[in-house]
Amino acid sequence: MKLYYYDHCPYCVRARMAAGLLGADVEEVVLANDDEATPIGMIGAKQVPILQKEDGSFMGESLDVVRYLDREGRLKNEIRPEIQAWFDNVGGYNTKLVHPRVVKIGLPEFETPEAVKYFTDKKEKNIGSFATNLDKTGQYVERLHEDLAELETLMTEGGAGLNGEAGMEDVLVFPILRNLTVVRGVEWPQKVMDYLLRMSEASGVPLYFDRAL
Ligand SMILES: N[C@@H](CCC(=O)N[C@@H](CS)C(=O)NCC(=O)O)C(=O)O
């Protein structure tokens, strides 16, 4: 199988995590961010992740890909409402910290200036100017610190996941946390840091600490 993705894409991290955690035989292929023709040719939309299955057919939608890779049901299914609420909250603002930075750290989907411009123009329509968001880093990080402290209280001991064995809670939350490792100066609570390192190791999805800005 092949997985088409962007490195910075949290939905793609869901699929990469599932492949890594479950030991699925998946070759990873990064698309240029401004390549519209390839994904549209595969699933009729300019969107990743896209899984090419064993029979050559294509599947979009990250959660469908995760469920397909986990046909044996090895990932824990439960999503506690408080984890869903945490995801909805932090999912609402994390891109203001992440998007202005991911174009600057040498990711393969942003190899050309055209790809950076494509992304910047598209995302600035949603979150406003990248420069203004970078200037507001302090206020976003303050909010993030409160949310990370709350997440720490929701983590249970034992197992690789947030709540015991790895599962769908991790598929929601880890991609957001992993992307936030691109932000320099975040003070990660110890249990959340341990979780990031553990889940990165178990899933094979690298963190951005070494490139944080
Ligand atoms: N519901 C989709 C959302 C996927 C999605 O929004 N992917 C983004 C990247 S993070 C994308 O491909 N956006 C098009 C673009 O960036 O031009 C899923 O879960 O797979």
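Work out the FRET efficiency for LYS136 and SER57 from their Cβ-Cβ distance, taking R0 = 35 Å, and round it to the nearest 0.05.
The computed FRET efficiency comes out at 0.20.
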Fill in: Unsatisfied cross-links (Cα-Cα over 32 Å) in the set LYS46/LYS96; LYS2/LYS123; LYS76/LYS122
LYS76/LYS122
Item to complete: At 1.4 Å probe size, with no ligands or nucleic acids counted, give the accessible surface of LYS117 in Å², nearest ten.
Response: 120
Worksheet item: Which percent of the accessible area of the chain is formed by carbon and sulfur heavy atoms (probe 1.4 angstrom)?
Response: 48
Worksheet, complete the sentence: Between the residues ILE83, PRO10, LEU134, the Cα farthest towards the positive end of the dipole of the chain, that dipole coming from +1 and -1 charges on the beta-carbon of Lys, Arg, Asp and Glu, is from LEU134
Worksheet, complete the sentence: In whole angstrom, the spacing between the Cα centers of segment 105-147 and segment 162-192 equals 19
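Calculate the dipole size of segment 81-211 relative to its Cα centre from +1 charges on Lys and Arg beta carbons and -1 charges on Asp and Glu beta carbons; express the result in debye to the nearest 20. Before the final figure, lay out the partial values.
Numbers: 14 positive and 21 negative charges, 134 e Å.
That gives segment 81-211 a dipole magnitude of about 640 debye.
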Worksheet item: Between LEU213 and GLU157, what is the label-to-label distance in nm when each label sits 7 Å out along the Cα-to-Cβ direction?
Response: 4.1
Response to the item:
By the Cα gyration tensor axes a ≥ b ≥ c (a/c under 1.5 gives rounded; else a/b larger than b/c gives prolate, otherwise oblate), the shape of the chain is oblate
Worksheet entry | Virtual spin-label span in nm between LYS104 and LEU197, 7 Å along Cα→Cβ | 2.7
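GluC sites (Glu not before Pro), restricted to segment 15-52: which are DSSP loop and have at most 13 other Cβ atoms within 10 Å?
GLU36
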Practice prompt. Tabulate in residue order the Karplus-calculated ³J(HN,Hα) for segment 17-34, using 6.51 cos²θ - 1.76 cosθ + 1.60 with θ = phi - 60°, rounded to whole Hz; enter x for Gly and Pro.
Written response: 4, 4, 4, x, 5, 9, x, 6, 8, 10, 8, 9, 10, 8, 9, 5, 5, 9
Worksheet item: Based on the Cβ-Cβ distance from ASP121 to ALA45, what FRET efficiency comes out when R0 is 25 Å, to the nearest 0.05?
Response: 0.85
Worksheet item: What's the FRET efficiency of SER129 with ARG67 using the Cβ-Cβ distance as r and R₀ = 35 Å, to the nearest 0.05?
Response: 0.40
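Kindly provide the GluC sites (Glu not before Pro) of segment 134-175 that DSSP labels as loop, not H, G, I, E or B, and whose Cβ sees at most 15 other Cβ atoms within 10 Å.
For GluC sites (Glu not before Pro) across segment 134-175 that sit outside H, G, I, E and B with at most 15 neighbouring Cβ atoms in 10 Å, the list reads GLU157, GLU165.
The values are calculated or read from the model by the stated rules, or taken from the named source; none is laboratory data. Because the structure is a prediction, the values reported are computed rather than measured. For neighbour counting, all protein chains shown are included, and Cβ atoms are generated from backbone atoms with ideal geometry for every residue, glycine included. Remember, those area values only see protein heavy atoms, side chains included, never the ligands or the DNA or RNA. Shrake-Rupley method; radii C 1.70, N 1.55, O 1.52, S 1.80 Å.
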